[in-house]
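One structure is given below, encoded as structure tokens.
Laboratory data are not the source of any read-out in this text; all were calculated from the coordinates shown. The structure displayed is predicted, hence computed values, not measured ones. Positions of Cβ are backbone-derived with ideal geometry, glycine not excepted, and every protein chain shown enters the neighbour counts.
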Amino acid sequence: MAAMFAFNAAVLAASSSLAHVHETAITVGSTTVDKCDPYSWKDYLITVDESLVNANLLFELYGTDTPFDPTALSVSMWEDEVPLDRHAEHKTERANGKLWAVGMNNNCFKIGVVTLGVKCGPTEVNYELKVIEVSAVLIPDAAVHGEVCPDEWVYHYFNTSTTMHFGPGNNLRYTLTMDEGGGVGNIVMKHLQAPIKKVPPYFQLRSESAALTQVVDMCNVEEGRMYLGLLGEASVAGCFSYDVTVEEWMDNATHVCSEDIHAEAIDPATLADRTLPVDHMERASCEPYEWFDFYFPVDSHMLDEQDNFVFEVEQLSDQAEDNTLSVHLFSETIPDHRTTEIVTSTPSDGIYSLAIPSNELRAISYYLSIKCGPTRERFRTAAFLIRGKLLGPADAVHGELCPNEWIYHSLALDGASSGSGSSSSSSSSASSSTASSSSASSSAASSSSSSRAPPNGTG
């Protein structure tokens with residue numbers, strides 16, 4: 001009972017504290033000179049209406065203190081009501097070039113009141129806050145000035161419906177210029193919809209040491225919006241400015257448009273933080289509400305051997321609590337919505353586990369993704385291989401079986417060899433007993449949210 005009263009008191013204290021967060025109204029084009037006190041919040045509210053639907057918005061906070069600390073504060077953005085715990089999916093905690101920046105790009109635009117929250121660390125911080133509008137709409141031969149910041153997208157588009165110039169032989173040419181001393185970014189183009197990932201073909205922009213002009217063509221354009229996306233990267237310069245123009249042109253006898261479409265295959269390992277080897281522990285951690293992704297490739301040899309795989313994630317925090325992690329398995333790619341039916345959030349003795357049985361295994365890329373809850377967590381992860389194909393009556397396979405998961409073994413009786421067999425084993429931090437050739441031993445493991453039923457046969 002005392003613990004409950006203490007918890008309620010803490011909640012009331014936090015609510016009372018947040019109720020007194022100072023709020024300031026800001027507008028597009030404004031510059032606000034302000035400061036935040038140690039461990040305190042300052043909120044800035046901007047009303048986004050229909051007059052801004054063809055724009056990108058950038059919120060840039062410039063630190064004015066000397067010496068400068070790039071981790072002195074954090075900037076969070078909420079497009080809806082600010083939650084009590086003030087958790088934000090869209091935030092930045094480290095400055096680039098004395099700038100902290102978050103944005104609302106044209107593809108994620110939302111009408112309403114947007115709240116920008118600035119929180120100081122252990123010291124007072126002085127800063128200037130700017131609200132910058134970057135037009136998304138391009139008109140032939142009219143330059144648009146813009147800015148893009150690290151880890152933020154800015155979108156421009158030309159709507160071919162306005163000039164009715166589209167179809168085979170109708171092309172667009174985008175020209176982007178940057179002054180010397182700018183930052184680092186990437187251009188990604190896409191027909192009819194905004195690009196949301198940096199996938200080939202893309203063009204990297206670097207103007208730290210020299211001015212830059214980048215020309216890119218978009219060929220055989222359709223009717224509708226043709227998008228040019230700019231994605232900023234971390235650099236000493238931080239955000240950078242540019243000018244962009246678009247012009248229409250047609251194929252002719254001397255010049256036929258050429259556009260790289262998927263010019264090179266993207267390396268699937270680049271979508272993850274690290275590659276997960278077989279039968280080897282990998283240590284990692286994730287920040288509150290953040291993800292850590294492992295890449296796990298499966299080849300044709302694994303299919304030939306009818307391999308099964310068990311993934312285990314063990315919490316290493318000193319005071320680990322249940323349900324502070326969730327473990328997700330994705331196939332082929334990591335979707336933006338991060339939704340999958342193969343997920344577990346219930347550990348057993350601090351171990352979460354998922355499995356891919358041999359009858360579901362494919363020669364593709366898999367991604368094991370761990371998401372933290374409200375606290376930072378340390379963990380170690382392993383992928384254990386359990387061979388499914390038995391070579392004969394004397395063959396022995398060591399394995400692990402997790403609750404609500406299937407492991408399959410098979411024996412081709414007409415082609416099975418007699419006499420001495422071979423053995424295969426898989427090591428684990430959890431103890432397990434020797435299994436027979438058609439079953440697997442049980443170990444400490446978690447249950448997944450979906451139990452996959454077997455096909456005809458025995459699991």
(message) I want to check the label-to-label distance for Asp273 and Thr254. Put each point 7 Å from Cα in the C-beta direction and report it in nm to one decimal.
(response) 5.5
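So if R0 is 41 Å, what FRET efficiency would Ser161 and Glu287 give, r being the distance between their Cβ atoms, rounded to the nearest 0.05? Can you show the working numbers first?
Working: r = 44 Å, r/R0 = 1.08.
Approximately 0.40, to the nearest 0.05.
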(message) Ratio of alpha-carbon Rg to the 2.2 N^0.38 Å globular estimate for segment 311-404, to two decimals, please.
(response) 1.24
(message) Taking 8 Å as the Cα distance limit and 6 or more residues as the minimum spacing, I'd like the relative contact order of segment 13-127 as a percentage.
(response) 41
(request) Filter the trypsin sites (Lys or Arg not before Pro) in segment 368-406 down to the DSSP loop ones having no more than 14 other Cβ atoms within 10 Å, then list what survives. (result) Arg376
(request) Sketch the reach of a paramagnetic label on Arg338 as a point 7 Å from Cα along Cα-to-Cβ, and name the residues of segment 285-316 whose backbone nitrogen lies under 13 Å away. (result) 286-294
(message) Need one number: nm distance between label points at Ile111 and Asp80, each 7 Å from Cα along Cα→Cβ, rounded to one decimal.
(response) 1.9
(request) Kindly list the residues of segment 131-168 that lie in the label zone of Val28, defined by a backbone N under 17 Å from the point 7 Å along the Cα-to-C-beta vector. (result) 131-139, 144-148, 154-157
(message) Net charge within 14 Å of Ala284 by Cβ-Cβ distance, Lys/Arg positive one each and Asp/Glu negative one each, not counting Ala284 itself?
(response) -2
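I need the calculated FRET efficiency for the pair Thr346 and Thr375, taking r as the beta carbon distance and R₀ as 25 Å, to the nearest 0.05. Provide the component values of the computation, followed by the final result.
Numbers: r = 17 Å, r/R0 = 0.69.
That pair, Thr346 with Thr375, gives E of 0.90.
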(request) List the trypsin sites (Lys or Arg not before Pro) within segment 99-157 that fall in a DSSP loop (any state other than H, G, I, E or B) and whose Cβ has at most 11 other Cβ atoms within 10 Å. (result) Lys110
(request) Of the options Phe240, Thr213, Gly224, report the single residue whose Cα projects farthest towards the positive end of the charge dipole of segment 205-249 (beta-carbon charges: Lys, Arg +1; Asp, Glu -1). (result) Phe240
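Looking at the square roots a ≥ b ≥ c of the eigenvalues of the Cα gyration tensor of segment 234-382, which shape do they give, rounded for a/c under 1.5, prolate if a/b is larger than b/c, or oblate? Write down the numbers at each step before the final one.
Details: a/c = 3.10, a/b = 1.61, b/c = 1.92.
Oblate is the answer for segment 234-382, as a/c is 1.5 or above yet b/c matches or exceeds a/b.
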(request) Could you run the Karplus curve 6.51 cos²θ - 1.76 cosθ + 1.60 with θ = phi - 60° over segment 50-60 and give me ³J(HN,Hα) per residue in whole Hz, x for Gly and Pro? (result) 5, 5, 10, 5, 9, 10, 10, 10, 10, 10, 10
(request) Take the Cα radius of gyration of segment 145-251 and divide it by 2.2 N^0.38 Å, with N its residue count; two decimals is plenty. (result) 1.08
(message) Of Val125, Leu58, His145, which is farthest towards the positive pole of segment 8-145's charge dipole, taken about the Cα centre with +1 and -1 on the beta-carbons of Lys, Arg and Asp, Glu respectively?
(response) Val125
